[in-house]
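Colleague: Before I ask anything, here is the structure I am working with.
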Ligand SMILES: C[S@@+](CC[C@H](N)C(=O)[O-])C[C@H]1O[C@@H](n2cnc3c(N)ncnc32)[C@H](O)[C@@H]1O
């Protein structure tokens with residue numbers, strides 16, 4: 001007969017197993033997430049059910065997920081979800097895990113929409129991935145519409161599922177296209193805002209965390225020798241898809257702001273500025289079509 005363990009015992013064992021792992025900052029919190037996920041309960045319930053015996057099926061699921069986490073797989077892929085801005089987004093290894101710094105880009109676009117009275121506008125989210133940026137904007141403005149573009153059919157499937165989950169799918173147009181060869185069409189006419197978080201890591205960069213390089217999709221991360229190929233293509237294309245005075249807002253690497261600003265100015269964008277992230281790095285650049 002298999003050994004029986006209480007939730008308290010399993011909690012202690014899980015914490016101990018995670019302790020000291022390179023990718024685990026907070027073993028207690030991560031143990032809570034893994035156990036709650038296996039038991040299909042909230043984290044607080046773990047403490048309320050401390051003396052309960054954990055069932056065999058739940059224990060097996062926990063063992064599998066703990067082994068995945070101990071090997072370095074990101075928690076978001078194990079749980080299948082990541083909180084971003086005001087919603088929980090489903091994520092799989094087909095999409096980048098949305099990052100907290102990207103929330104600042106969403107906040108900036110919200111300010112621009114309010115200032116320009118663009119609440120009824122159509123926007124585009126280029127390289128939408130899980131849909132984090134575009135769908136967050138749709139939840140914030142109930143009359144906004146969005147074109148969500150990605151080269152990856154698998155990513156667009158996740159974005160579509162997220163749109164349904166969040167309840168904004170009736171205002172979304174999903175476009176499975178490569179931005180490098182995208183041309184204005186009925187499918188993607190001109191819009192007031194293009195926002196995007198393209199791949200921007202130089203190929204061969206040594207600065208990428210192991211878990212990022214190992215688990216996240218390569219096509220979401222890397223872009224040419226200097227990390228600027230996608231940014232340059234996005235910026236060159238954008239004027240063809242923007243209405244007059246339309247806004248382009250892009251995320252980029254912490255050391256790319258000057259080059260990105262130059263690319264914006266070379267394409268005729270005006271009022272170009274960059275926004276700092278919480279660490280003080282300029283991580284997003286905004287400009288307006290003249
Ligand atoms: C850095 S991820 C951003 C995902 C999401 N927007 C976010 O911020 O979490 C970049 C996305 O761009 C997509 N992508 C890469 N190259 C592309 C291309 N040439 N055309 C369209 N999408 C592309 C990738 O599939 C990926 O989903």
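Values quoted throughout were computed directly from the atomic coordinates according to the rules given, and no laboratory measurement underlies them. All values derive from a computational prediction rather than experimental measurement. Glycine also receives a Cβ, built like all others from the backbone with ideal geometry; neighbour counts cover every protein chain displayed.
Colleague: Inside segment 128-138, can you point out the residues that are touching a strand residue (DSSP E or B) at 6+ places or on another chain (Cβ under 6 Å) and either within 12 Å of residue 103 (Cα to Cα) or in a helix (DSSP H, G or I) (or both)?
Modeller: Within segment 128-138, 132, 133, 134, 138 qualify.
Colleague: Considering only residues that are in contact (Cβ under 8 Å) with a residue 60 or more places away in the chain, over 16 Å from residue 198 (Cβ atoms) and crowded, with 18+ Cβ neighbours inside 10 Å, which ones fall in segment 140-165?
Modeller: 158, 162
Colleague: A follow-up question, please. Can you tell me which residue in segment 169-186 is farthest from the chain's Cα centre (by Cα), limited to those that are within 15 Å of the ligand (Cβ to nearest atom) and assigned to a helix (DSSP H, G or I)?
Modeller: Applying the filter and picking the extreme gives 181.
Colleague: I would also like to ask the following. Consider segment 213-244. How many of its residues are in a helix (DSSP H, G or I), over 20 Å from the mean Cα position of the chain (by Cα), more than 9 Å from the ligand (Cβ to nearest atom) and in contact (Cβ under 8 Å) with a residue 40 or more places away in the chain?
Modeller: Of the residues in that region, 5 qualify.
Colleague: Based on this model, can you work out whether residue 204 counts as within 23 Å of residue 122 (Cα to Cα), more than 21 Å from the chain's Cα centre (by Cα) and outside any helix (DSSP H, G or I)?
Modeller: Here the answer is no, as residue 204 does not meet what is asked.
Colleague: Also: Find the residue count for segment 188-201, including only residues that are surrounded by fewer than 21 Cβ atoms within 10 Å (Cβ to Cβ) and either assigned to a helix (DSSP H, G or I) or within 14 Å of the ligand (Cβ to nearest atom) (or both).
Modeller: The total comes to 3.
Colleague: Another question, if that's okay. Enumerate the pairs (first residue in segment 7-35 and without any contact (Cβ under 8 Å) to a residue 12 or more places away in the chain and at negative phi; second residue anywhere and surrounded by fewer than 21 Cβ atoms within 10 Å (Cβ to Cβ) and assigned to a loop (DSSP other than H, G, I, E, B)) with beta-carbon separation below 7 Å, excluding pairs fewer than 6 apart on the same chain, so at least 6 apart or on different chains.
Modeller: none
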